[in-house]
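Novice: Mind looking over this structure? Questions follow.
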Amino acid sequence: MDNMIITGMLAAVMPLLGFLIIQAFTKKHHMLSAYVSIAMIAASFTMAVLILLGQLKTPGMHNYSLPWMHIGSVEMNIGFMINQLTSVMLVIVTFVSMLVQIYSIGYMHGDDGFSKFFSFISLFSFSMLGVVVSNNLMQIYIFWELVGLCSYLLIGFWYTKPEASDAAKKAFVVNRVGDFGFLLGIIFLSTKAGTFDFIAVEEYVKSGAIDPNYLTVIVLLLFCGALGKSAQFPMHVWLPDAMEGPTPVSALIHAATMVAAGVFMVARLFGIFVLSPGAMLVVAYIGGFTAIFAASIALTQDDIKRVLAYSTVSQLGYMVMALGVGGYTAGMFHLTTHAFFKALLFLGAGSVIHGVHTNNIWDMGGLHKKMPVTSVTFLIAALAISGIFPLAGFWSKDEILVATREAGMPLLYYTALITAFMTAFYMFRLYIVTFLGKEKGEASRRAHESPLNMTVPLMILALMSVVAGFAGVPGQENSIYNWLYHGEHPHETHFNMPVAITSTVVAVTGILLAFAVYFFNWIKAENLKKASGPLYALSKNKFYIDEIYLFLIKRCFFTIAEAVKWFDKQVVDGVVNMAAFVMRWSGRALRNTMTGRVQDYALVIFGGAVAAIVAFAIYNPAALQLLGGR
């Protein structure tokens, strides 16, 4: 076991230690619990940085396994893998989690569940780090489910609020559907390969030992896990409702942990996914459709956190689409940059909610003067996600556009461009309505800037949203595209000036249109609503997907359930009850023969003899003659 493996193990375990300390010793001491949690994740972040520096100096694979058990011919190990992908994800998860926890000191101040919140956050971070460092399918699935459990605990943290408990249950149930497919894919693949180990499974698949059609089924089943965790259509419905949890939870889920797990899993198994072109096509088109679908819903939402939630779904669609067209590094680079500016957006939204005590953007307005730090940092994040040069989102988004264009998929390329326009429009609709213009009502008048423990993380994330993109400037010798790659050949990209100009024009057009409508009032928003016709109602009501699911559940699943209930009660229980009835009836009948009188028994014997003679007479007359002595 080398030093990098040991460091990776410690980085993953430190948050678990924080969870245990809080639960066992510091639960009654709120600030001490917060300090323990932050200290543990800070230690993990330090170790993650050391791992990243080591990988930058000497890129390579570090793999270590310990025997655990055998199930038939399949070997199960406990193992750890450190490579370039792992080192990047470790830094992202620990860095964002650390800032979120520092921010939470101010946001959760005064909450009765303060210590419990920090213990759950620590367990959540441990679960995601476990996913990142795992080197086999079964281990990643165990941590995968632990991530789902932690999300349930955190989304429903304010469980006395019905909306929060319902959202937690919804997230849990929807993810179970995707995770069931993921588990089936793991079982089918590992049974064929005889191992759960990533490297061994990939080598087995590359050998051509699995039928291509069967491999496609396996890959699509594995992708079901990403559909649930990364909220891809049609399993996206849980993520917007997850906003009922505390805002720091929303930031962590949407930026670096739960939703990133699905994209990370596809990247981790990319060597298997690319061997099934049919499955990759499905992945690409689901990602592209999710991107434009969620962006179209974000255009009309009024809740500041729901706008950002659908933005997350859309950006995840971007990443999945990139992976589907073979843009491994482009997709992972966008995951990296997105972690910074999306965490900044959610924490900025939390700062606004903390100041105005409402989520409705139409009750806000003119907050720039009263919340300047929040306003400026939020603007930086909005520009970054819109893809404006030279911010981080510009570099990663453009490489996704280049990847889709060079993959020969014009439909996905134009879908991505339209999504970029929508993204710029709804983000600046959100910024203008919230921070610019006039104050609107009591909420805006009582607004105030958040304390330093909330604004400092905003400033750090704003800095990262500016500079992180320079790690992926194409054509540079030290570019992330020359370092973060899969297999033996780098997924190198290059700067495409026509694509860069086109995407920038599209984004700027979206921003200008938002100013024309919501700041200068050159175009009336009501006129846009009327011009869009039924499309506005569809977007406002999220295309009625939740209602369709509810209808299907009530009319289809409940009907099936009632039929199964009737069959169980009338047929299954009926057969059992009938057997009991027959036994009771026969028992009562036989009981009447046990009288205890000799004459009754003699009568029965005589009757039996007569019956035997009659039977012989009917079925064997010759035997009757012998019985008579002839």
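Novice: When N is the residue count of the range 313-386, what does its C-alpha Rg come to as a fraction of 2.2 N^0.38 Å?
Specialist: Here the answer is 1.34, to two decimals.
Novice: Can you send over the carbon and sulfur percentage of the accessible area for the chain, probe radius 1.4 Å, protein chains only?
Specialist: Within the chain, the accessible surface is 69 percent carbon and sulfur.
Novice: Between residue 142 and residue 63, what FRET efficiency follows from the Cβ-Cβ distance if R0 is 22 Å, with the result rounded to 0.05?
Specialist: According to the calculation, E is roughly 0.75.
Novice: Stretch residue 577-residue 46 to full length: gain in nm at 0.36 nm per residue minus the Cα-Cα span? Kindly include the intermediate steps, with their values, before the conclusion.
Specialist: Working: separation 531, 0.36 × 531 = 191.16 nm, distance 6.67 nm.
Gain on extension, residue 577 to residue 46, equals 184.5 nm.
Novice: What number comes out for accessible area per residue over the chain if the probe is 1.4 Å? Units Å², please.
Specialist: Ligands and nucleic acids excluded, the figure is 43 Å² per residue.
Novice: Starting from the 7 Å offset along Cα-to-Cβ, what nm value, one decimal, do you get for the label separation of residue 78 and residue 414?
Specialist: 5.5 nm
Novice: How big is the accessible area of residue 357 in square angstrom, nearest 10, if you roll a 1.4 angstrom probe over the protein chains?
Specialist: Near enough 120 Å² of accessible area.
Novice: Between residue 595 and residue 24, what is 0.36 nm times their sequence separation minus the Cα-Cα distance? Round to one decimal in nm.
Specialist: Here the answer is 198.4 nm.
Novice: At 7 Å along the Cα-to-beta-carbon direction for both residue 531 and residue 406, put a label point, then send me their distance in nm to one decimal.
Specialist: 3.7 nm
Novice: Still on this structure, I have one more. Could you pull out every one of the aspartates and glutamates with an alpha carbon less than 19 Å from that of residue 170, ignoring same-chain neighbours closer than 8 positions?
Specialist: 145, 179, 241, 244, 546, 547
Novice: Ranking request for peptides 116-122, 80-86, 211-217, 30-36: highest mean number of other beta-carbon atoms within 10 Å first, then the rest in descending order.
Specialist: 116-122, 80-86, 30-36, 211-217
Novice: Can you tell me the alpha carbon radius of gyration of the chain divided by the globular rule-of-thumb value 2.2 N^0.38 Å?
Specialist: Relative to the rule-of-thumb radius for its length, the chain sits at 1.26.
Novice: As a test question: what accessible area, to the nearest 10 Å², does residue 29 have when a 1.4 Å probe is rolled over all protein chains in place?
Specialist: 100 Å²
Novice: Give the peptides 56-68, 390-402, 406-418 in descending order of average Cβ contacts within 10 Å, highest first. All intermediate terms of the calculation are to be shown ahead of the outcome.
Specialist: Details: 56-68: 13.1, 390-402: 25.9, 406-418: 17.9.
Final packing ranking: 390-402, 406-418, 56-68.
Novice: So, R0 is 22 Å and r is the distance between the beta-carbons of residue 6 and residue 71; what FRET efficiency does that work out to, to 0.05?
Specialist: It comes to 0.20.
Novice: Now a separate question. Just need the relative contact order of the chain here, percent rounded to a whole number, with Cα pairs under 8 Å and 6+ apart.
Specialist: Relative CO of the chain lands at 11 percent.
Novice: Provide the packing ranking of 587-599, 533-545, i.e. peptides ordered by the mean count of other C-beta atoms within 10 Å per residue, highest first.
Specialist: Working: 587-599: 8.5, 533-545: 14.0.
Result, highest mean first: 533-545, 587-599.
Novice: Right, here's the next one. Cα extents of the range 416-484 along the three principal axes, largest first, in whole Å?
Specialist: If we take the Cα atoms of the range 416-484, the spans are 54, 35, 15 Å.
Novice: Quick one: compute the contact order of the range 426-578, relative version, from alpha carbon pairs under 8 angstrom and 6+ residues apart, as a percent.
Specialist: Once normalised by length, the contact order is 21 percent.
Novice: Can you flag which of 369/529; 28/116; 305/342; 342/397; 370/440 are past 19 Å Cα-Cα?
Specialist: Beyond 19 Å between Cα atoms: 369/529.
Novice: Working out 0.36 nm times the residue gap between residue 463 and residue 160, then minus their Cα-Cα distance, what length gain in nm do you get to one decimal? Provide the component values of the computation, followed by the final result.
Specialist: Numbers: separation 303, 0.36 × 303 = 109.08 nm, distance 3.76 nm.
Extending this stretch completely gives an extra 105.3 nm.
Novice: Report, ordered by chain and residue number, the aspartates and glutamates lying within cross-link reach of residue 206, taken as a straight Cα distance under 19 Å and ignoring same-chain residues fewer than 8 apart.
Specialist: 197, 488
Novice: In terms of Cα to Cα distance under 14 Å, which aspartates and glutamates are near enough to residue 27, apart from those fewer than 8 places away along the same chain?
Specialist: Excluding near neighbours in sequence, the set is 111, 112.
Novice: Rg and Dmax of the range 371-490, using alpha carbons, in Å: what are they?
Specialist: Answer for the range 371-490, Rg first and Dmax second: 18.2, 60 Å.
Novice: Based on the Cβ-Cβ distance from residue 551 to residue 53, what FRET efficiency comes out when R0 is 51 Å, to the nearest 0.05?
Specialist: 0.40
Novice: Which whole-number percent is the relative contact order of the range 1-52 (Cα, under 8 Å, 6+ apart)?
Specialist: Working: 35 pairs, mean separation 27.3, N = 52.
So the answer I get is 53 percent.
Novice: Under a Cβ-only charge scheme (Lys and Arg +1, Asp and Glu -1), can you give me the dipole magnitude of the range 523-596 about the Cα centre, in debye to the nearest 20?
Specialist: 160 debye
Novice: Pop a pseudo-label 7 angstrom from the Cα along the beta-carbon direction at both residue 584 and residue 282 and give the gap in nm to one decimal.
Specialist: 5.3 nm
The values are calculated or read from the model by the stated rules, or taken from the named source; none is laboratory data. Source: prediction; values computed, not measured. Heads up, the Cβs are rebuilt from the backbone with ideal geometry, glycines too, and the neighbour counts pull from every protein chain shown. To get the accessible areas, we keep the full protein, side chains included, count just its heavy atoms, and leave off ligands, DNA and RNA. Shrake-Rupley method; radii C 1.70, N 1.55, O 1.52, S 1.80 Å.
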